[in-house]
Each structure stands twice: as structure tokens, then as C-alpha cells.
Amino acid sequence: GNSELPTAVNITWSSINFKTILQWQPKPSGYFYTVEIHGQTSNTKKKCILTAETECDVTDALRNVTETYTAHILSVMTMEMDNFEEPPYAVSEKFTPYNQTLLGKPEIKNYTQKGSKLNVVFQDPLTPYKFPNGSFQSIRDFFHHDLEYKLYYWKDQSSGKKDATTKSHTLEVSVDSTKNYCFYIQGIIPSRRENRNGQESVVLCTSVGRNILDEYGAEVFIIIAVIAIAVVTLAVVLTVILCKRKKAKATREMK
């Protein structure tokens, strides 16, 4: 019967921006898995019924993101689904999406460096959940004031980072107007104990009229100077040699 079937092991929750995948082992042979999501207050929801896979997208069963859930992964034979014998199952660790989902990369929409101000405009990562009108809800629609963003910025080609924090979608910081800056943004939930810091956005850099010295450094100028001196020296040497030859030729002809 069912009781001899292997049960799932190494059960893990993977969650980014509330998109949550449950994964486990081993690959089934001669049996299937069915996932049950148990909430503290919500009804049990069945997902990935009779699957031969070892992962299951359980996002839509965790819609109440502040609730704590456990997953039961049942090992079942197809024939015996109608049987009243309870199938063997493994239980996952508890998972609370609000506390445990990772924050994904924010998207930088626009940035400008004008004078001594660097201004960055960005967008909240979206979740798989939708408003009634069909548009996707962002992580801010769930975290509200718990969500902050941190801008890390530094002078191009230097390593000294500075940072600034905001609860809005824009950040403005004071910079050296003659230097280029690179920067990235990261979402943060300060109230969390774990997974406080989200994924980092792409790194972008400004380009206020770079001069060649900034771009290539002094070495290039030294090389150019050496080449120039070599060319001038060669020209002088050739001129001297040619002059001497002309003089010698003129002297011979006079004889």
C-alpha cells in the first residue's frame, strides 16, 4: 500500500517578490506527489496534484502573505487516490512570505547628474499577485512603510562607497560636479532579522564630460610624450645626417 512509498526529503522554499516555489527530493519512480499547503487560518489547498516533478509553484496558495504556512508533500499511487488510507507525507519547515520572501532587483528608470546633484528614479519590483483590474501589485503594495531603498554610489574608478536611503521612488545626492559616478539600488526591510537586504540592481555610471586624463590616466600621456620625443629626436638626427651628406657631396663636387 501507500505506507511503503518513500517520502520527500530536502524540502526547501524559494521565494522572490512573493513568487514561491517549493522544491524537494527524490524524483519519484512508480508513484507521484501531491502538495498540500496548510495555513494557520486558511483552508488547506492542494497544488501539483499527482505530479512526477520535484518542485511546485505554490504562489497562489500563499496569497495572505502575513500568514505562516507549512507544506505537506504526499507520496501517492494514482490507483489509490480514492482509498481512505492516509498516504505517507513529509512536512516542510514553516514559511511566512512577508518575513521570508527575498526582495528582487529594483529597476532604475532614469538618472541624471546635473551640477553637483545626482538624481535617480527607480521602480518597485512587481509580484505575481494582481489588483482586481489585472495590473500587477508591487512589493510596496504589501510592505508599505516597512520597505526602504538604499542607493550606493561612488566616484568612477574609486572604491569609496557612500549611501543614501529613501522610502520613495527617487533619490537625490550631492556629488562632485566634475566627476562621474557609478551607483546601484537595493531594497531593504529594516524590521527583518533575516533577508533584510534585497537583490542589487544593475550598476550604472554617469558620463559628465570625461576628459582624456580621467579616461585613460597619466600613463597614456607619458607614452605619447615618449613617442613624440622619439619622433622629434629621429627627425633631428635624420636632418643632421642629411645635412652632413649634402655638405660632403658639395665638398666632393668642389674638388
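Throughout, read-outs are computed from the coordinates displayed, never taken from laboratory work. Just so you know, these numbers come straight off a predicted model, no measurement behind them. Every residue, glycine as well, gets a Cβ built from its backbone with ideal geometry; the counts of neighbours run over all protein chains shown.
Per-residue ellipticity at 222 nm computed for the chain from its helices equals -6000 deg cm²/dmol, with DSSP H segments shorter than 4 residues left out and the rest contributing -39,500 (n - 2.57). Projecting the Cα atoms of Ser158, Ala90, Leu102 onto the charge dipole of the chain (Cβ charges, centred on the Cα centre) puts Ser158 farthest toward the positive pole. The phi torsions of the range 225-235, fed into the Karplus equation with coefficients 6.51, -1.76 and 1.60 and a -60° offset, translate into couplings of 4, 4, 4, 4, 4, 4, 5, 4, 4, 4, 4 Hz, rounded to whole numbers, with Gly and Pro shown as x. Give the cross-link partners of Lys247 among the lysines, using a straight C-alpha distance below 30 Å as the criterion and excluding same-chain residues fewer than 8 apart. By straight Cα distance, Lys247 reaches Lys255.
When each of Ser92, Ser42 is scored by the number of other beta-carbon atoms lying within 10 Å, the sequence from fewest to most is Ser42, Ser92.
Neighbour counts of C-beta atoms inside 10 Å place Lys155, Lys105 in the sequence Lys155, Lys105, starting with the fewest. Listed peptides 8-19, 195-206 appear in the order 8-19, 195-206 once ranked by packing, highest mean of other Cβ atoms within 10 Å at the front. Kirkwood analysis of the Cα pair distances in the range 113-171 returns a hydrodynamic radius of 13.7 Å.
A dipole drawn for the chain from +1 and -1 charges on Cβ atoms has a positive end, and of Ile241, Pro28, Phe136 the residue lying farthest that way is Ile241. The H on the amide N of Thr101, modeled in the peptide plane, is under 5 Å from the matching H of no residue at least 5 residues off or on a different chain. Expressed as a whole percent, the proportion of Cα-Cα pairs in the chain lying more than 34 Å apart is 50%. Considering only Leu126, Ile49, Tyr111, the residue lying farthest towards the positive end of the dipole of the chain is Tyr111, judged by Cα position with unit charges set on Cβ. Relative contact order, whole percent, for the chain stands at 15, derived from Cα pairs under 8 Å and 6 or more residues apart.
For Thr68, the residues whose modelled amide H falls within less than 5 Å of its own, excluding neighbours fewer than 5 places apart on the same chain, are Gln40.
Restricting the calculation to alpha carbons of the range 107-210 gives Rg and Dmax of 15.2, 49 angstrom. Can you tell me the relative contact order of the range 2-100? Whole percent, Cα pairs under 8 Å, sequence separation 6 or more. Once divided by the residue count of the range 2-100, the mean separation gives 34 percent.
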